[in-house]
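Below you'll find the structure, written out as structure tokens, and then a few comments.
The values are calculated or read from the model by the stated rules, or taken from the named source; none is laboratory data. The structure presented is a predicted model; accordingly, all values stated were derived computationally and were not measured. Please note: Cβ atoms are built from the backbone with ideal geometry, for glycine as well, and neighbour counts cover all protein chains shown.
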Amino acid sequence: MRYLVTGGSGLLGRRLVQRLGQAAEVVGTFCSAPVAGLPLVPLNVTEPSQVNALIGPGAFDVCIHTAANRNLEACESNVGRVMRLNVEGTRFVAEACRRAGTRMVYISTDHVFDGAPEVAYTEEDDPRPIQVYGFTKLAGEYQAQRTGGALCIRVPVLHGVSQPDQQETFPTQALRRLRAGHTVPADDHLIRYPVLLDDLVDAVAELIAQDVEGIVHFSSDRGVTKFAWARLIAETFGLDSSLVRARPEGGRAARPRDNRLRSNRLAGLGIRPPTSIANATVSLPQSAAGT
């Protein structure tokens, strides 16, 4: 098996390259900067000539497409640029995969839903995004599914230990600030269902191994606000929970109130659900260097 991971320098992409590279040949891509020690090649997915040159017949068995702009506010401010990356870039990758006979795996998001009803969204529910990011990722799903045999995995917010050259995930940032005696402003209204990065990477590998197609939801079943999450971190490590201060999450982008994903497929596939937030929180000091 030969894998291609677009966005291989990102949080998820980097971990996928490392994990899959333990048992197979893997090539990752980067857009702006390489990562020392990883087999990454330059690729701008918005340039079809570059995409077609890399994804040719027989080059790769599977392409995992993670390259995207996930910043909700940046998506609202730069609609044209985000459409080019999240939609057109995905189309170029999907078309190249279809011509080359390469299976496509597309990483999507819970933001394809609006979070309005107090129910869990299944793979069969109709998407209804409410911000630019969600619209572009849903459009990317449609592009991926046109390749035939594609797998689209919808996930909520990811967390885990980031590298020094990457943006911190919320729990590592909160733990660092709490240990330094700094306040942690955190939203106490929006409910999230965080997934540990390594759990998703393992699930992706297993879904590929089982040749799963279509849409799959992979999400924690425990909802939490960032405020409650930060307080849990403080309590777990014996830190001052009063440093966690409620602050609404502002910005131009509309944010779903409660996007709970439920999978009708994982149990039947024998895939382990994500680690609970409590267990993931306890593991922070063992996995976060310098904390």
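Taking Asp199 as meeting all but one of (1) closer than 23 Å to Asn86 by Cα; (2) crowded, with 17+ Cβ neighbours inside 10 Å, write down the number of the exception.
(1)
Based on this model, can you work out whether Cys31 counts as surrounded by 24 or more Cβ atoms within 10 Å (Cβ to Cβ) and not charged (D, E, K, R)? Break it down into steps so the answer makes sense when it comes.
Working: surrounded by 24 or more Cβ atoms within 10 Å (Cβ to Cβ): no; not charged (D, E, K, R): yes.
Judged against the criteria, Cys31 is not a match.
I want to confirm something. Restricting to segment 67-96 and keeping residues that are more than 13 Å from Gly140 (Cβ to Cβ) and not charged (D, E, K, R), which single residue is surrounded by the most Cβ atoms within 10 Å (Cβ to Cβ)?
Ala96
For segment 212-239, which positions are under 30 Å from Gln22 (Cα atoms) and either in contact (Cβ under 8 Å) with a residue 60 or more places away in the chain or buried (at least 18 other Cβ atoms within 10 Å of the Cβ) (or both)? Let's see the steps before the verdict.
Initially, segment 212-239 is screened for residues under 30 Å from Gln22 (Cα atoms), giving 212-221.
Val212, Glu213, Gly214, Ile215, Val216, His217, Phe218, Ser219, Ser220 - these are the residues of segment 212-239 that are under 30 Å from Gln22 (Cα atoms) and either in contact (Cβ under 8 Å) with a residue 60 or more places away in the chain or buried (at least 18 other Cβ atoms within 10 Å of the Cβ) (or both).
Of all helices (runs of 4 or more DSSP H) completely enclosed by segment 126-212, which ones contain at least 3 residues that are within 24 Å of Pro256 (Cβ to Cβ) and touching a helix residue (DSSP H, G or I) at 6+ places or on another chain (Cβ under 6 Å)? Break it down stepwise before answering.
Numbers: elements: 132-145, 170-179, 197-209.
Correct list: 132-145.
With the structure loaded, tell me whether Gln145 is farther than 20 Å from Ser276 by Cβ and surrounded by 18 or more Cβ atoms within 10 Å (Cβ to Cβ) or whether it fails that test.
On the way: farther than 20 Å from Ser276 by Cβ: yes; surrounded by 18 or more Cβ atoms within 10 Å (Cβ to Cβ): yes.
Here the answer is yes, as Gln145 does meet what is asked.
Working only within segment 240-263, note down all residues that are of a type in the set (A, V, I, L, M), in a strand (DSSP E or B) and surrounded by fewer than 19 Cβ atoms within 10 Å (Cβ to Cβ).
Just the residues of segment 240-263 that are of a type in the set (A, V, I, L, M), to begin with: 243-244, 246, 253-254, 261.
Checking the rest, the ones that are also in a strand (DSSP E or B) come to 244, 246, 261.
Within segment 240-263, just Ala246 meets the criteria.
Could you check, for segment 31-43, whether at least one of its residues is under 18 Å from the mean Cα position of the chain (by Cα) and modelled with pLDDT under 95? Before you say what the answer is, go through the steps one by one.
Just the residues of segment 31-43 that are under 18 Å from the mean Cα position of the chain (by Cα), to begin with: 31.
Filter once more, so that each one left must be modelled with pLDDT under 95: 31.
Yes, segment 31-43 has at least one match.
Here is a yes/no grid of residues against (1) closer than 24 Å to Cys75 by Cβ; (2) in contact with a strand residue (DSSP E or B) (Cβ under 9 Å, 6 or more places away or on another chain); (3) modelled with pLDDT of 90 or more:
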{"residue": "Ala234", "(1), (2), (3)": "no, yes, yes"}
{"residue": "Ser241", "(1), (2), (3)": "no, no, yes"}
{"residue": "Ala253", "(1), (2), (3)": "yes, no, yes"}
{"residue": "Leu261", "(1), (2), (3)": "yes, yes, yes"}
